[in-house]
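Structure record follows, encoded as structure tokens.
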Amino acid sequence: MPKISLVVPAYKVQGYLTECLDSILGQDYTDFEVIAVDDCSPDGSGVILDRYAERDARIHVIHLTENVGLGRARNVGLEKAQGDYVLFLDSDDTLSDGALAAIADRLAATGDPDILVYDYVRTYWDGRVRPNQRADLLSGEGPDVFRLSDRPQLLDLLQIVWNKAYRRDFITRTGLTFPPGYYEDAPWTFCSLISAERIAILDRVCVLYRQRREGGNILKTVSRKHFDVFDQYRRVFDFIAAHEELDQWRTPMFCKMVDHYLTVLERPDRLPRNARAEFFHRAAADYRAHRPEGFQRLAGGRGHKYAMLERDAYAAMASATAAVKFRRRVRARARSAVNRSKRSAMGVFYQSQLRLPLDENLALFSAYWSRGVSCNPAAVDAELARLAPHIRRVWAIRPDAVDQVPKGVEYVRVGSRKYWAALARAKYLVNNVNFPDAVVKREGQIHLQTHHGTPLKTMGLDQQKYPASTDMDFDKLLKRCDRWDFSLSSNAFSTAVWERVYPSSYVSLEAGYPRNDVLVNATAADVRRARAQLTLATGTKAFLYMPTHREYQPGFDPGLDLGRLADELGPDVTLMVRGHYFYGSSPHIAELRRSERIVDVSAHPRVEELYLAADALITDYSSAMFDYAVLDRPIIIYTPDWDIYSTVRGTYFNLLEEPPGMVATSQAELIRLLGSDEYDGPDAAERRAAFRLRFCEFDDGRAAERVVRRVFLGEETPLPFVPFTERSHAPTPDQALESVERA
């Protein structure tokens, strides 16, 4: 008998079913069974289920001879379930990595409660991920096991069944089944929660709730089927009436019912227009029938709509709704007109600024599409302040990132009048990507392209050979490159690549990367400070894991079972994980924040400080390896998908043959390497030395000074490079600690 039974109904999901099943079978926890119910699906879903069942005995398939709907299909699966606990998973959704192990561990830790509630995120077809807006209800202090009366706010979670694990004997004892029709989750969810004697929560994302672009959610279909909601709440109140001990929940259920009815009325994608009045009158009848004695409606919020239902005043509700819609349309049209006017006016304003003289003492900086103050431009900014304080330094910052700007830094909001004025009049424009296409290169203006990494993956025109990796307009790309006066390089390898893939008439500035100066010049105190800011305890070994962006993946995927890796490394190791800046919020990243020995450093403003704090770097194809190599610390290359990545994106050399250290192509191999001294042994050191000689050629700690002297001060004679064999670098964390002990 398995610990967990997963009931997975399937109907017209052949495009998603494989991913759903893979997410289950790929779990590291194995004590489960899958009851897959083919709800007489007209597509290939049944065939897919049978194919998986042939390969894995844990999958049991039931083929229904007629379509019975989601609720009754779940009932069929529930009857066959043998596990101690039952989980429901919709067949277009997926489990997050490690979800079942986390659920099983939490069940054991809380003494096998009746219900375990866990978190989820919404995932969208365009790669966006939106956290559960009420995830806060799953955190906070309190007993591990409780009754709903201790945390009644759990009723405010979305009325769904697939964010919970249910003890099977509790289901049997309570007599829970799914009713037919729409909104079948409501009576199950409410009746189970108010009945449970022992509830626990798991503050972890376990389900990725797919939001299908083509509208896979039947609840967003205009239909009279939405009238099913009345039967569902009748079942809830019948359940309460049959259990006198649950009478305390009558008022909360009444409020949930009314709010649900109002939601159906308010949504334009639910009811046919000619059915709205009928629905309202049915809702008003239920309001009067189920209103608890002494109930006082709220004064604010939806209170006025409660009053309209109480009076069955449909005409008033319809008039109020029409008035609100009219005001919204007027405001939307006004905003649209204003935005069009602003864009037109901003274009005129920019043109007017272009006719004014250049400000010879103004430099405009930007990094990573104006996401913040960082990378090579930030290092150049700091050195410019030291060597040429008469030059005013201003940063272009996106409106949604201004709260991240360090104190004392002058900035302009992207899109504002000040922004366009600075673009038009600044003598110097510094960026590690490109400024917008609309920017005009003025005579006398100097554009410095600093880039933001040594290229392993193909770039620029070379990407034309790998069309799956980009949808770039290459003509526009070259027009942007034609604005460059200087192209910064940290090694001769990069210079050759840049000049081939960005063929324009700029000057290649072989100066090293200014952002890496700190890796050469940092002191033991700097290393200790970097570790202290990350709260890394003395004696803790810190591995920094930095995977790069993959064009064939829609969102951040760490590529590792991070929990297992942390467990294998032991309590004296901290794993710091940094997702690529292309990715926003992510269920994986959200999960990392909740762990004590896995630290999410994705939002850390200065990656160079992470490098200083880390004892070793684990990466795949990220340009981080070229920068971290300056420190001469261990680098471990983890490339489980080298064949895919090199085929889709293309690379300039074979990383497996010319790595900066040891290479692992599987998690097991990575764990073995990290658990031994091999990753920092003689073989690894030899590979790292060859790599550093090739790719850290110009990084001697004076790159920023070279750039400022050449670009801003006009000095033609470059600073000489410190011979490679004579260069220093920041001390390791162990050396930084030893210096304190010696003192």
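Rule-based calculations on the coordinates, nothing more; no lab input. The structure presented is a predicted model; accordingly, all values stated were derived computationally and were not measured. We place every Cβ from the backbone using ideal geometry, glycine too, and count neighbours over all the protein chains shown.
List the GluC sites (Glu not before Pro) in the stretch 628-713 that DSSP assigns to loop (not H, G, I, E or B) and whose Cβ has at most 13 other Cβ atoms within 10 Å. Which are they?
When the GluC sites (Glu not before Pro) of the stretch 628-713 are filtered for loop state and at most 13 Cβ neighbours within 10 Å, E657 remain.
Out of V507, S490, G453, whose Cα points farthest toward the positive end of the dipole of the chain (charges: +1 Lys, Arg; -1 Asp, Glu; placed on Cβ)?
V507
Among rounded, prolate and oblate, which fits the stretch 102-261 when a ≥ b ≥ c are the square roots of the eigenvalues of its C-alpha gyration tensor, a/c under 1.5 means rounded, and a/b larger than b/c means prolate?
Oblate, because a/c is 1.5 or more while a/b does not exceed b/c.
Rounded, prolate or oblate: which fits the stretch 518-699, taking a ≥ b ≥ c as square roots of the Cα gyration tensor eigenvalues, rounded meaning a/c under 1.5, else prolate when a/b beats b/c?
Verdict is rounded for the stretch 518-699.
Using unit Cβ charges (K, R positive; D, E negative) and no other charged atoms, how large, in debye to the nearest 20, is the dipole of the chain about its Cα centre?
Around 4520 debye, computed over the chain.
Shape of the stretch 78-126 from its Cα gyration tensor (a ≥ b ≥ c, root eigenvalues): rounded if a/c is under 1.5, otherwise prolate when a/b > b/c, or oblate?
oblate
Chymotrypsin sites (Phe, Trp or Tyr not before Pro) within the stretch 125-181: which are DSSP loop residues with at most 15 other Cβ atoms inside 10 Å?
Passing both the DSSP loop test and the Cβ count: W125.
For the peptides 42-52, 364-374, what is the packing order when you average, over each peptide's residues, the other Cβ atoms within 10 Å and list the highest mean first?
Highest mean packing first, the order is 364-374, 42-52.
Pairs K12/K80; K418/K441; K441/K476: which exceed 20 Å Cα-Cα?
K12/K80
For the chain, what does the helix formula give at 222 nm: sum of -39500 (n - 2.57) over DSSP H segments with n ≥ 4, over the residue count, nearest 500 deg cm²/dmol?
Dividing the helical sum by the residues of the chain leaves -11500 deg cm²/dmol.
Distance between the C-alpha centers of the stretch 678-743 and the stretch 506-530? Whole Å please.
8
Sort out for me the Cα centre separation of the stretch 95-153 from the stretch 642-665, rounded to whole Å.
Each part reduced to its Cα centre gives a spacing of 38 Å.
To the nearest 0.05, how large is the calculated FRET efficiency for V722 and A668 if R₀ is 30 Å and r is the Cβ-Cβ distance?
Computed FRET efficiency for V722 and A668 comes out at 0.10.
What spacing in nm lies between the two simple spin-label points modelled at S223 and R311, each 7 Å away from Cα in the Cβ direction?
Spacing of the two 7 Å Cα→Cβ label points: 3.5 nm.
In terms of Cα to Cα distance under 21 Å, which lysines are near enough to K256, apart from those fewer than 8 places away along the same chain?
Of all the lysines, those that pass the test against K256 - Cα under 21 Å, at least 8 places apart if same chain - are K164, K220, K225, K305.
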